[in-house]
Amino acid sequence: MRGEETQLLGALGIDAAGEAVVCIPGTHSKWARVSGGTVERFATFMTGELFSVVSRETICRMRWTGADEAEDTEAFKSAVVAAFETPALAANLLFRVRSSQLLYGGSPSSAREKYREPDRTRIGAGLAGDQSSSGITLVASGRLQGLYRLAFDTLSVAVQSIDAEEAVRRGLSMAAEAIWTL
């Protein structure tokens, strides 16, 4: 982690009690399971970086070239549900998107949204086993916050959103206070 620990502190507090699952999306999305103020499990996924490489450097690039910035929300939601219902699907998602475009047509933005962030494999496949009783704490801002919220809402997962910049400020403040009171 490079700074996400500060966001984690800001999101949960210095005396975090209970259990929490925290999602911090980005170029490399982070997921942490915290119990009693201790990080028990931690995983990083190359969601943003993978999307960037695939959209620029692979054969799939041709299938969503020209897609406007308007999102195809229905395509995104169907991909989230598909990954949740069939986790193994994610391994061949790129080829399914490409084949579907070749065989059935469809808009470039529909193809793009089926493989856009957030990491539907992680959200869909891993979420059921990683939920705490209070759901997910999402630490994100802007567009990523909206996409991840949509994914969680699509799966009917309780989510508490915390602005990433606010979490950093709170985390830095708590860390400074703890150090200066020693």
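Rundown of residues vs (1) modelled with pLDDT under 75; (2) more than 19 Å from Arg143 (Cα to Cα); (3) in a helix (DSSP H, G or I); (4) under 21 Å from the mean Cα position of the chain (by Cα), yes/no style:
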residue	(1), (2), (3), (4)
Arg63	yes, yes, yes, no
Gly66	yes, yes, no, no
Glu71	yes, no, no, yes
Val80	no, no, yes, yes
Leu89	yes, yes, yes, yes
Asn92	yes, yes, yes, yes
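Of the residues screened, Glu5 is one that is part of a helix (DSSP H, G or I) and open to solvent by 70 Å² or more (accessible area, probe 1.4 Å). For the range 51-61, the candidate set comprises residues that are open to solvent by 60 Å² or more (accessible area, probe 1.4 Å) and modelled with pLDDT under 75; within that set, the residue that is nearest to Phe152 (Cα to Cα) is Arg61.
Of the residues making up the range 26-45, those that are within 19 Å of Arg149 (Cα to Cα), open to solvent by 30 Å² or more (accessible area, probe 1.4 Å) and outside any strand (DSSP E or B) are Thr27, His28. May I ask you to list the residues in the range 9-42 that are within 15 Å of the chain's Cα centre (by Cα) and at pLDDT 85 or above? Hits for the range 9-42 are Val21, Val22, Cys23, Ile24, Pro25, Lys30, Trp31, Ala32, Arg33. If you go through the range 16-25 and keep only what is assigned to a strand (DSSP E or B) and of a type outside the set (A, V, I, L, M, F, W, C), you end up with just Glu19.
Listed by first and then second residue, the pairs with beta-carbon distance under 7 Å, at least 6 apart or on different chains, first residue in the range 72-84 and open to solvent by less than 50 Å² (accessible area, probe 1.4 Å), second in a helix (DSSP H, G or I) and at pLDDT 80 or above, are Phe76/Leu150; Val80/Ala151; Val80/Thr154; Val81/Thr154. Among residues belonging to the range 137-158 that are open to solvent by 20 Å² or more (accessible area, probe 1.4 Å) and within 16 Å of Lys30 (Cα to Cα), point out the one that is modelled with the lowest pLDDT. Top of the filtered list is Leu144. Restricting the first member to the range 135-148 and to residues that are within 17 Å of Val80 (Cα to Cα) and in a loop (DSSP other than H, G, I, E, B), and the second to residues that are of a type in the set (Val, Ile, Thr) and open to solvent by 40 Å² or more (accessible area, probe 1.4 Å), no beta-carbon pair is closer than 8 Å while six or more apart or on different chains.
The values are calculated or read from the model by the stated rules, or taken from the named source; none is laboratory data. Predicted model only: the values in this text are computed from it and were never measured. Reconstructed Cβ throughout: ideal geometry from the backbone, glycine too, with neighbour counts over all protein chains shown. Just the protein is used for accessible areas: all its heavy atoms, side chains included, with ligands, DNA and RNA removed. Shrake-Rupley method; radii C 1.70, N 1.55, O 1.52, S 1.80 Å.
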